């Protein structure tokens, strides 16, 4: 996409350059380093996706999304360790409230209680949490590896494309390995949907995944890993509505309270972040104006 755009709208140097030359000209990061970063990040993201999809058939979509949105909790902890994020009482409170919500979702996601919950449900919930922790590492690592001051659109879109390119070979290999997995929760047969509706949903899912992966690096670098992960919590009510009207799923009041607590915890984190941003100087506000994107 980047190469095609500059081939049509770029200068003479772009029109006569080869594929690699165009990417190098419009990347503020040397292309070899961008390739290295993309290779590392693609593997991290792929491992996170394995845990996500392995657990998805054991939990509802709404519960899975709510649990996976514990990612900001891990992002905050990693940001404190690696991105010079400062500890804050309000943020710690938000983390605690959200963790309570995640616990309620794991325990009551299928309408059962503590005494009747199935082991497979617990394993699936833990798998979702592991996926969230790994993806939080992906978000923090992205900004750590390319730098906090990199906001160039061409560079970030190129990074997203390279991540997808490097993820394809191990994904193909993993598909065959999972098809032969002796563990039932990891087993995934290689088959395409047998109905037109299934094929259509698969295509829509693929297109939306590409869009998500293209915009995620932009969001992380234009704002911050914490704000980006907090923004993703808007998928919690949306997935709940889809589960209710499409899958006819009925949620217990504990599950609903858990979702509210998760979003409340993240709202506290976001408010704490905004309060910190208001203390920036006018010059810094101008530099960070792109965060509104």
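Observations
- Evaluating residue 211 against the criteria (1) in a loop (DSSP other than H, G, I, E, B); (2) surrounded by fewer than 18 Cβ atoms within 10 Å (Cβ to Cβ) leaves one unmet condition, (1).
- Within segment 14-30, the residues that satisfy the criterion of being surrounded by 17 or more Cβ atoms within 10 Å (Cβ to Cβ) and either assigned to a helix (DSSP H, G or I) or in contact with a strand residue (DSSP E or B) (Cβ under 8 Å, 6 or more places away or on another chain) (or both) are 14, 22, 23.
- Some residue of segment 164-172 being crowded, with 19+ Cβ neighbours inside 10 Å, in contact with a helix residue (DSSP H, G or I) (Cβ under 9 Å, 6 or more places away or on another chain), closer than 14 Å to residue 49 by Cα and at pLDDT 85 or above: yes
- Cβ-Cβ distances below 9 Å connect the following pairs, each with a first residue in segment 78-89 that is closer than 13 Å to residue 224 by Cβ, a second residue that is loosely packed, with under 10 Cβ neighbours inside 10 Å, and a separation of six or more residues or different chains: 80/86; 80/87.
- All positions within segment 245-261 that are assigned to a helix (DSSP H, G or I) and in contact (Cβ under 8 Å) with a residue 24 or more places away in the chain: 254, 255, 257, 258, 259, 260, 261
The rows are residues; the columns are (1) at pLDDT 75 or above; (2) more than 26 Å from residue 221 (Cβ to Cβ); (3) surrounded by 24 or more Cβ atoms within 10 Å (Cβ to Cβ).
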{"position": "64", "(1), (2), (3)": "yes, yes, yes"}
{"position": "74", "(1), (2), (3)": "yes, no, no"}
{"position": "77", "(1), (2), (3)": "yes, no, no"}
{"position": "80", "(1), (2), (3)": "yes, no, no"}
{"position": "84", "(1), (2), (3)": "yes, no, no"}
{"position": "87", "(1), (2), (3)": "yes, no, no"}
{"position": "93", "(1), (2), (3)": "yes, yes, no"}
{"position": "96", "(1), (2), (3)": "yes, yes, no"}
{"position": "100", "(1), (2), (3)": "yes, yes, no"}
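- Residue in segment 149-161 that is modelled with pLDDT of 85 or more and loosely packed, with under 12 Cβ neighbours inside 10 Å present: no
- Checking each residue in segment 19-55 for being without any contact (Cβ under 8 Å) to a residue 60 or more places away in the chain and touching a helix residue (DSSP H, G or I) at 6+ places or on another chain (Cβ under 9 Å) picks out 19, 20, 21, 22, 24, 25, 30, 31, 33, 36.
- Here 136, 141, 160, 167 are screened, and the one residue that is in a helix (DSSP H, G or I) and within 19 Å of residue 24 (Cβ to Cβ) is 160.
The values are calculated or read from the model by the stated rules, or taken from the named source; none is laboratory data. Worth saying up front: this structure is predicted, and the values here are computed from it rather than measured. Heads up, the Cβs are rebuilt from the backbone with ideal geometry, glycines too, and the neighbour counts pull from every protein chain shown.
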